[in-house]
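Since the structure comes first, as structure tokens, the remarks are kept for the end.
The values are calculated or read from the model by the stated rules, or taken from the named source; none is laboratory data. Just so you know, these numbers come straight off a predicted model, no measurement behind them. Here the Cβ is made from the backbone with ideal geometry for all residues, glycine too, and neighbour counts use every protein chain on show. These accessible areas exclude ligands, DNA and RNA; they are computed on the full protein's heavy atoms, side chains included. Shrake-Rupley method; radii C 1.70, N 1.55, O 1.52, S 1.80 Å.
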Amino acid sequence: MTGHAIWTDFRGVLTPPLREGLRHYCEGKPFTPEQLGPCLRALADAHGCPDGMAVLDSGILDERQWTRRIGEELSARYGIDADLSGLGAEWWSDRRVDTEWIGALLRWRSAGVFVGMISNLPADWKEHFAGFGPWEQMFDEVLLSCDVAARKPDPRMFRLAERRSGLPPQANVLVDDLDDNLAGARRAGWTAIPGGGSATPAAIARIDALLRTPATVSAATDTHHYQGAAR
């Protein structure tokens with residue numbers, strides 16, 4: 001291993017950005033992302049969480065309770081009667097991934113860099129996550145909030161990740177799409193790099209410079225294999 005550990009977020013970095021995922025999910029639904037967003041915000045505020053997903057990630061509500069509350073908010077705010085019971089399965093049916101980012105992760109790992117995934121994941125969605133991709137072929141470690149009773153940006157997540165990588169804080173790097181998570185990583189002494197969507201090329205360039213490795217992607221074959229496995 002080299003002297004750095006690269007930790008990538010999952011949803012929004014390895015997959016399309018959250019806003020794009022919401023648009024995809026809302027296609028054909030009686031509500032829009034612009035209506036769903038305030039409902040998620042209301043759930044977050046009601047439970048003292050930073051965002052609507054945190055209510056689910058933290059186990060405050062299970063998926064059935066969470067989707068019911070979202071439905072109640074849609075009805076109260078917009079008069080929309082919607083069945084969200086299949087939200088999880090529909091959300092995870094979107095198997096699009098950022099092949100440029102995956103290619104970079106595979107290239108770094110093949111060069112001896114520690115590459116891990118660190119994700120806030122609800123326990124109810126762990127089965128969906130496990131079937132999404134060949135994680136054991138891509139990562140040295142996969143650290144999920146539902147397995148460790150902590151979530152980003154909780155410093156406990158970063159301390160645990162350091163133990164998994166075997167490297168000190170300053171040698172660990174988080175690539176994430178959420179400002180709160182990036183700020184938490186910086187407070188923990190990590191390097192924090194915005195990633196996902198249009199930020200992917202800049203994130204790759206920054207890490208290449210950090211690792212002093214060539215910027216060419218040499219893992220195209222492995223990337224193609226991942227795409228096939230994830231479909």
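May I ask which residue of GLY112, GLY195, PHE158 lies farthest towards the positive end of the charge dipole of the chain, with charges of +1 (Lys, Arg) and -1 (Asp, Glu) on Cβ and the Cα centre as origin?
GLY112
Let me have the relative contact order for the chain, percent, based on Cα pairs under 8 Å that are six or more residues apart.
Taking the mean separation of contacting Cα pairs over the length of the chain, I get 27 percent.
Taking the inverse of the average 1/r across all pairs of different Cα atoms in region 149-213, what Kirkwood radius in Å do you get?
Details: mean 1/r = 0.0825 Å⁻¹.
Radius from the Kirkwood sum: 12.1 Å.
Extending each Cα 7 Å along its Cβ direction at ARG95 and LEU210, get the distance between those two points in nm, one decimal.
3.1 nm
In nm, give the distance between the simple-model label positions of ASP124 and GLU27, each being 7 Å from the Cα along the Cα-to-Cβ direction.
2.4 nm
What value, in deg cm²/dmol to 500, does the helix sum -39500 (n - 2.57) over DSSP H runs of n ≥ 4 give at 222 nm once divided by the residues of the chain?
Values: 13 runs with 119 residues, N = 231.
My calculation for the chain gives -14500 deg cm²/dmol from helical runs alone.
Roll a 1.4 Å probe over the protein heavy atoms and report the accessible area of VAL175 in Å², nearest 10.
Approximately 0 Å² for this residue.
Let me spell out the model: positive unit charges on the Cβ of Lys and Arg, negative unit charges on the Cβ of Asp and Glu, origin at the Cα centre of region 1-112. What dipole size does that give, in debye rounded to 20?
In debye, rounded to 20, region 1-112 gives about 300.
Accessible area, 1.4 Å probe, largest first: how do ARG156, ARG187, ARG11 sort?
ARG187, ARG156, ARG11
Taking Cα atoms of the chain, Rg/Rh with Kirkwood Rh, to two decimals?
On the way: Rg = 17.9 Å, Rh = 18.4 Å.
Result: Rg/Rh = 0.98.
When the accessible area of region 81-136 is split by element with a 1.4 Å probe, what percent falls to carbon and sulfur?
Numbers: 1020 of 2170 Å².
Heavy-atom surface of region 81-136 belonging to carbon and sulfur, 1.4 Å probe: 47 percent.
About the Cα centre of region 56-128, how large is the charge dipole given +1 on each Lys and Arg Cβ and -1 on each Asp and Glu Cβ? Please answer in debye to the nearest 20.
Numbers: 9 positive and 13 negative charges, 75 e Å.
Dipole of region 56-128, to the nearest 20 debye: 360 debye.
Please get the size of the charge dipole for the chain, origin at its Cα centre, with Cβ charges of +1 on Lys and Arg and -1 on Asp and Glu, quoted in debye to the nearest 20.
Details: 25 positive and 31 negative charges, 120 e Å.
I would put it at about 580 debye.
Just how many % of Cα pairs in region 104-183 lie over 19 Å apart, if you round to the nearest whole percent? List each step's numbers first, then the result.
Details: 1231 of 3160 pairs.
Percentage above 19 Å: 39.
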